[in-house]
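A short write-up of the structure that comes next.
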């Protein structure tokens, strides 16, 4: 069977967020979604590129779109919210600004691939795969705060993804699998992203606010769609607790891991053991 | 843009921002939605709306030596909410690029070091090789023990790779080289 979607994992899904890669692949296999990794993909450049050179920040994603097109694919799935945003921004800006499009062509020495469609897995799973029919495990004890972060929805003009101030795509998807999700006001607040490397104090404050708010509405888990959000909320949670004298112990899942659990995929096949904040106690109770 | 009166009689700095980002800061009417929504404005010396006003007034020293743009996390809240459709996050990028080009020492040097370390890493490896990038950052900031415990734990959990994948390094080196060339040519033009 031929692949339907070209899969752009991006750097994080091959390292710090490898459990997102593993769980995404497992869920795709379970639901019969065909994905094929783009051969020879390169980094999208992420924030350091667009903070340094606009042209570089657009040429790097376009190289990946070019490679996808070479595989005969126009639908590209990018699970990492930051990669997703950079790929979509490249398409958007090249379409809006003929000058920059010409410069990208000059850098890549060829025509830009046309009618490329960059997708988040949320769009694929919400659009006709019917995961609800494949549910084998009920998770009634979970109360999940869906945290979308910045780049899935913003800037809305570029991303055209859901309602930018109060998205529901992840809530609807997990809800359709019988998982309870909660209303809360920090869905799209920023976690501080890559400032964790340099101004950790800022990230600890923003992450603290998010964890505090999730706890306040009664969540016992957070669901994310971005490896940077995950690093800040999960791996730095103990640091936040130390800094603010609090205790959360709030497991942070990729939404694909929660899908996997509901679809009956064993936890060790979803990379749950890689989390800093263990979900064992929580999952033993549900 | 040619017939837009607001782009005439701009400060040189505003023109530099326009060239770099396509953003016309003269459209700003100081509603301060950007400042109100910015999650990091509490740590900035000037709020985003103040920085934009200073760009319009041509206050180069104040703007280019500010911490504001270096603290920007590119969360795009300001850009999404601006009623005048000024892409504020792009203005922040343009100010950073202008400051670096003019040889001004970044007010938050670690952030600039992070950008350089990350890009050097992407250029040479093709994909971000986290361990190499972290070492590169430490060589630039001299914060050798920052996050050492965290790094060890990530390593134990198999979240950091020992060896980079270099299979696409030639591609990125070529792209970085050509971007430099095209940019140089356009600046000269």
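Any read-out appearing in this document is the output of simple, stated calculations on the displayed coordinates, not a laboratory observation. Keep in mind it's a predicted model, so treat the numbers as computed, not measured. Cβ sites come from the backbone with ideal geometry, for glycine too, and all protein chains shown count toward neighbours.
Report relative contact order for the stretch B:109-188 in percent, whole number only (criteria: Cα-Cα under 8 Å, sequence separation at least 6). Mind showing how you got there, number by number?
On the way: 62 pairs, mean separation 31.8, N = 80.
Relative CO of the stretch B:109-188 lands at 40 percent.
Ranking B:124, A:70, A:187 by Cβ neighbours within 10 Å, fewest first, what do you get?
Working: B:124 16, A:70 13, A:187 22.
Least crowded to most crowded, the residues run A:70, B:124, A:187.
Using the Cα gyration tensor of the stretch A:76-137, with a ≥ b ≥ c the square roots of its eigenvalues, what is the shape: rounded (a/c below 1.5), prolate (a/b larger than b/c) or oblate (neither)? Taking the square roots of the gyration eigenvalues as a ≥ b ≥ c, the stretch A:76-137 is prolate. Take the alpha carbon atoms of the stretch A:62-104, find their center, do the same for the stretch B:99-128, and report the distance between the two centers in whole angstrom. Between the Cα centre of the stretch A:62-104 and that of the stretch B:99-128, the gap is 23 Å. If you bin every alpha carbon distance in the stretch A:102-231 into 5 Å steps from zero, what whole percent lands in each bin? Cα pair-distance distribution for the stretch A:102-231, in percent: 2, 9, 16, 18, 17, 13, 10, 7, 4, 3, 1, 0. Taking other Cβ atoms within 10 Å as a rough exposure proxy, A:97, B:93 sort from fewest to most as A:97, B:93. Just the Cα atoms of the stretch A:60-164, one point each, no solvent: what log10 I(q)/I(0) does Debye give at q = 0.11, 0.14 Å⁻¹? Debye output, listed in q order: -0.44, -0.65.
Taking 25 °C and 0.890 mPa s as the conditions, I'd like the Stokes-Einstein D for chain A in µm²/s, using the Kirkwood hydrodynamic radius from alpha carbon pairs. Provide the component values of the computation, followed by the final result.
Values: Rh = 19.3 Å.
So the translational diffusion coefficient is about 127 µm²/s.
Ignore the peptide's own chain and count Cβ atoms of other chains within 10 Å of each Cβ in B:175-184; give me the average, rounded.
Working: counts 11, 7, 1, 8, 14, 4, 2, 9, 6, 0.
Shielding by partners across B:175-184 averages 6.
Estimated translational diffusion coefficient (Stokes-Einstein, Kirkwood radius over Cα pairs, 37 °C, 0.692 mPa s) of chain B: 176 µm² per second.
Spread over its residues, the convex hull of the C-alpha atoms of the stretch A:187-286 is 99 Å³ per residue.
What ranking of B:143, A:241 emerges when the number of other C-beta atoms within 10 Å of each C-beta is taken as an exposure proxy, fewest first? Before the final figure, lay out the partial values.
On the way: B:143 14, A:241 18.
By the 10 Å Cβ count, ascending: B:143, A:241.
Between B:145, B:176, B:114, the residue with the greatest mean-square fluctuation in the GNM of chain B (Cα pairs under 10 Å linked by springs) is B:145. Relative intensity of the stretch A:1-147 on a log10 scale, I(q)/I(0) at q = 0.09, 0.14, 0.20 Å⁻¹, equals -0.31, -0.70, -1.24, per a Debye sum over C-alpha point scatterers of equal strength in the absence of solvent.
Dividing the convex hull volume of the alpha carbon atoms of the stretch B:88-133 by its residue count gives 92 Å³ per residue. In vacuo Debye scattering of the stretch B:61-123, one point per C-alpha: log10 I(q)/I(0) at q = 0.13, 0.19 Å⁻¹? After summing over all Cα pairs, the log10 values are -0.38, -0.76. Axis angle, to the nearest 10 degrees, between helix A:98-108 and the longest C-alpha principal axis of chain A: 90 degrees.
Compute the relative contact order of chain A as a whole-number percentage, counting only Cα pairs closer than 8 Å that sit 6 or more residues apart in sequence. Mind showing how you got there, number by number?
On the way: 482 pairs, mean separation 58.6, N = 286.
Taking the mean separation of contacting Cα pairs over the length of chain A, I get 20 percent.
In the elastic network of chain B, a GNM with C-alpha springs shorter than 10 Å, the most mobile of B:13, B:160, B:57 is B:160. Pair-distance distribution of the stretch B:109-188: all C-alpha pairs, bin width 10 Å, starting at 0; shares per bin in whole percent are 18, 38, 31, 10, 3, 0. Per residue of peptide A:200-207, the mean number of Cβ atoms on other chains within 10 Å of the residue Cβ is 3. Across the stretch A:16-98, counting alpha-carbon atoms alone, Rg and Dmax equal 13.8, 42 Å.
Between B:36, B:148, B:107, the GNM of chain B built on Cα springs shorter than 10 angstrom shows B:148 fluctuating the most. Considering the stretch A:191-234, its Cα convex hull presents a mean projected area of 2.8 nm².
Panel values: the stretch B:5-101, Kirkwood radius from alpha carbon pairs, Stokes-Einstein at 10 °C and 1.306 mPa s, translational diffusion coefficient 123 µm²/s.
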